[in-house]
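In what follows, a structure is listed as structure tokens, so that the remarks can point back to it.
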Amino acid sequence: MKILGLLSLLATHLSANSVNIEENAGQFFSSGHTNNWAVLVCTSRFWFNYRHVANTLSVYRSVKRLGIPDSHIVLMLADDMACNHRNPKPATVFSHKNMELNVYGDDVEVDYRGYEVTVENFLRVLTGRLPPSTPRSKRLLSDDRSNILIYLTGHGGNGFLKFQDSEEISNVELADAFQQMWQKRRYNELLFIIDTCQGASMYERFYSPNLMALASSQVGEDSLSHQPDLAIGVHLMDRYTFYLLEFLEDIHPASKSNMNDLFKVCPKSQCVSTPGHRTDLFLRDPGSALITDFFGSVRKVEITMETVNLTDPIEQVEQNFVNEDLQKESYSYVDQLPVSEIIHQTLAGEDAPGSIVAVGGNGLVMPPVFHFYFTVTRHDVATRQEEPD
Amino acid sequence: MGLLSDPNRRRALIGLLTRLNAPICVVCYMAGVAWFMGLAFEPFTLRTYMSENAMGSTMVEERFPAGERALATGREFAAHKKKTGGMPVDWLVKTMQSRGLEVFTQRFSRRLPFPDEDKERYMVKGTNVYGILRAPRAPRTEALVLSAPCTAGDHNNQAVGLLLGLAQYFRNQVYWAKDIIFLVNEHDLIGMQAWLEGYHHTNTTGMDWSPLQGRGGSIQAALSLELSSDVVTSLDLVLEGLNGQLPNLDLANLFYAFCQKIGVLCTTQGKLQRNDWDSVSGYSHAVQTMMLMAMKQASGRPWGDHGLFLRYHIEAATIKGINSFRQYKTDATTVGRLLEGMYRKLNNLLERLHQSYFFYLMSSLSHFVSIGYYMPAFGLLGVILLLRVSSTGYLTQFDVVQRSLHAKSIVLALDGDAGLRPVGHGAGLEGAEAGGRALPGRAAGLHRAHQLLPGLHPGSHAGARGRLRHAQRAKVTRLQRLGDRCGSVRSLTSRSSSPPRRVLSAFVLVVLSPACTLLFSVFFFQELQEMPVSFLDGWMLYLSVISQGILDHALYGSLVYPLVALLVYPCWLLFWNILFWK
């Protein structure tokens, strides 16, 4: 009797666990990305623009702390503040006054420095059109499963951002660059943050899917600096990035904060300017996008003895249009490599869509990449297609 | 048709100018003077603001601690100065070296054309000592200068002491992006001139100096320090330099910003700023400050050691410490902190100061007018000249000529020579003569026209006519270039046919002579500075001003003496010519 009871308990426990495992595993790739990249750009030089370098370095620090390695970060700093002759504390860049936090640290890897930070180089990094001799550290080697964080700071105006006091990038150029990235399948989702005066004008022209944008001020407003340090003699940070840094310091790799919390960073009472954001091009609900989806590189691990059946990892977000019920066509990438063809040809000779073939013998957790290939029908290789069943 | 191309309208305009010539001139004169006086009225001025981005809004916490030690060094310097009877070169070299500077000296000598009235110098020999603080991490491309003159007696010891104290403090900092040169110059301006000439490898004044062994790159800014007391009640900023040149307004703005931050009383022209600009005394105070600045500029001499830097496009100013009978005293540490703050800001400069104005007048340290605002006053005075030139006869004559003469003669007529009738064809000449003969009665200021006419008959020899005309043209051309005195004098001299008139005109001419004007200006200047002098003292001062002006020209290349001697004085002599022309 007791043994039967115990066995039944064990059975229910196991079944519950397996349901749990399925849920957990199903949430693993809910965002659809497998790797994270970050492109952090500071566009202004000169000693009195110390704060822009400090902004960029503080975002760099957070991003690195949350797991994105240097090989996946492209850091562009237009001037060297740490080794500037006027720096009373050489080899440091502080973000808090009284020198509380040195964001320069020991292990900063600057990929583009000084005069290499130009509009052309920035666009080439984004679109990947770099000469073959460019070292890997200077390339954005993202693919269609990459979530990219792009952070820009400097002096800007209505529709442009100033690079190095000599050239500008316009919002149209930036939007076109992102479209190129989409067409070349260089990102899965992209988060664009800009901290300049009139920053909202820079994301007005975006038209590519899967973009989310945040800016520190609206058109016609100035983004203000936060606090001066009386020993160094410059303003150390901009307000928006200062509060962003404070917010990010509370994030750890397992935290579940989502984008809606990010939108609340630095309200008008703290920032003086009104931060703005844009989510209409983002296909998921911003509430379901975690902060760590963009700012960190999280490898989720679950230990289980079960076999998990991975079905469609992507949950479609309800399109909530207030006034119209447009049937929005949802896109996904076209199958590049007909793995299914190859595998089925080598193994069985006939295609078997919808089943998981255990390549290699263990089927604990299948990367969704392979899963996609298996569920695609053969003759729809060259065209866009509906989301696989 | 346009105003000037329509002959009817033009004739009407000419008629108007002819009829109302004298009243319009008077109105212009009054307007010019009123405009200039109105510049000091506070609502018409602008508040000073920092234009240079690199010297932005952030202030640094100054930490200079060693004011007392600086004063002790100053006392040591005074003792050594007394012992050697001049500049204690060896002691200075040793002290600067112990503070970690690279020290060099420069010898110079100059023989003055005649002995100096103020300081009884004739053969000047001296040594400049300067130490360079090399920026620890920066290339040696730019430099800043802090200088203190070494004067005989009990003056300026504290300045040298503070300079050495600051040198020691600066040496321990790592944030210098430019070299700092600490200069102690002997015989103030002469030594400074020798140093600058040696630094820039120019030799414009014929001084004899040994070449400089050490150099620091191009100098971005310079400050000269004059401090003769242990405590000060206020700091005075002196801006006027050689030939009336001024440093960039940003330097004055920087000084004022730090005065406000540290809380030191700061003045310019020795006059303290007042808040009651709407009262008569407040306004007159502002006018006095502005007039002082204008007169100092007009004198053309450098009013501090900084004045010679300006010629090399180095922004420089002199800071004088003043100890008067006020309750609140500022000690040397605070003055040191003010200088430290200024130098840290200047350290942040990326290019020479050029964002703010180079030509301005300050009615107080916080208010200024730029050249765009004060030039119209002088423009109005210049309009009087034009009106005089284009007065009656000439204008109607011009009209006649325009209608009946060849283009070539029109060009000659437009030469600007009053009284010159157009040359050219005989027929045209007759017409012009006919017009000309009607002139004299109405020609104000062109009385010579009727004197020209008899000498220029159409039948006379062409060559003689040409020569005569040329000679008269040359004389009349010089008349064109006179100042506004000319307008009034001319109107007087034009009707000077009767003896009493002549005597009156002669008296006015004597009063308006360069010599008398200078004498009055000297007394006026002393009044403005609230140090009025008796007549005898004023006379001695006047003589020293003249001799100093000549010396300035010989020593530093000041332009006032040649200007007065070669332009103003001959023009004044010509007026006697006009006055007593028979």
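Bear in mind that the values in this text are calculations on the coordinates, not laboratory data. Quick caveat: nothing in here was measured; it's all calculated off a predicted structure. FYI the Cβ positions are ideal-geometry reconstructions off the backbone, even for glycines, and counts take in every protein chain you see.
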The simple spin-label model distance between residue B:507 and residue A:100, using points 7 Å out along Cα→Cβ, in nm, is 8.3
With residue A:232 itself left out, Lys, Arg at +1 and Asp, Glu at -1 over residues whose Cβ is under 14 Å from its Cβ give +3
Taking a ≥ b ≥ c as the square roots of the eigenvalues of the Cα gyration tensor, with a/c under 1.5 meaning rounded and otherwise prolate when a/b exceeds b/c and oblate if not, segment B:1-84 is prolate
For residue B:296, counting only lysines whose alpha-carbon sits under 20 Å away and dropping same-chain residues fewer than eight positions off, the answer is B:271, B:320
With label points set 7 Å from each Cα along the Cα-to-Cβ direction at residue B:312 and residue B:326, the distance between them in nm comes to 3.3
Residues whose built amide H sits under 5 Å from the amide H of residue A:157, excluding neighbours closer than 5 in sequence, are A:162
The simple spin-label model distance between residue B:351 and residue A:166, using points 7 Å out along Cα→Cβ, in nm, is 1.3
The percentage of Cα-Cα pairs in segment A:127-190 separated by more than 16 Å is 56
Inter-part gap, Cα centre of segment A:50-116 to Cα centre of segment A:146-179, in whole angstrom, is 20
Contact order relative to length for segment A:32-295, counting C-alpha pairs under 8 Å separated by 6 or more residues, stands in percent at 21
Whole-Hz Karplus couplings 3J(HN,Hα) for segment B:518-528, θ = phi - 60° and coefficients 6.51, -1.76, 1.60, Gly and Pro as x, run 5, 4, 5, 4, 4, 5, 4, 4, 5, 5, 4
Per the Cα gyration tensor, segment B:189-336 corresponds to an equivalent ellipsoid with semi-axes, largest first in Å, of 31, 19, 13
The Rg/Rh figure for segment A:32-295, Cα atoms and Kirkwood Rh, to two decimals is 0.93
The FRET efficiency for residue B:172 and residue A:9, from their Cβ-Cβ distance with R0 = 51 Å and rounded to 0.05, is 0.10
Karplus ³J(HN,Hα) for segment B:190-207 (6.51 cos²θ - 1.76 cosθ + 1.60, θ = phi - 60°; Hz, whole; x = Gly/Pro) runs 5, x, 5, 4, 4, 5, 5, 5, x, 5, 9, 6, 10, 9, 9, 10, x, 8
Net charge (Lys, Arg +1; Asp, Glu -1) of residues whose beta-carbon lies under 12 Å from that of residue A:21, residue A:21 excluded, is -4
Phi angles of segment B:71-77, converted by Karplus (6.51 cos²θ - 1.76 cosθ + 1.60, θ = phi - 60°) into ³J(HN,Hα) in whole Hz with x for Gly and Pro, give 5, 5, 4, x, 5, 4, 4
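Can you tell me the FRET efficiency between residue B:218 and residue B:109 if r is taken as the Cβ-Cβ distance and R0 is 30 Å, rounded to the nearest 0.05? Can you show the working numbers first?
Details: r = 27 Å, r/R0 = 0.91.
Result of the calculation: an efficiency of 0.65.
Subtracting the Cα-Cα distance from 0.36 nm times the residue separation, let me have the gained length for residue A:230 to residue A:70 in nm, one decimal.
On the way: separation 160, 0.36 × 160 = 57.60 nm, distance 3.26 nm.
Result for the pair: 54.3 nm of gain on full extension.
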Here the averaged projected area of segment B:171-228, based on the convex hull of its alpha-carbon atoms and given in nm², is 5.5
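Report the net charge of residues surrounding residue B:82, where surrounding means a beta-carbon distance below 13 angstrom and charges are Lys +1, Arg +1, Asp -1, Glu -1.
Details: positive: B:75, B:81, B:83; negative: B:76, B:154.
After counting each charged neighbour, the total is +1.
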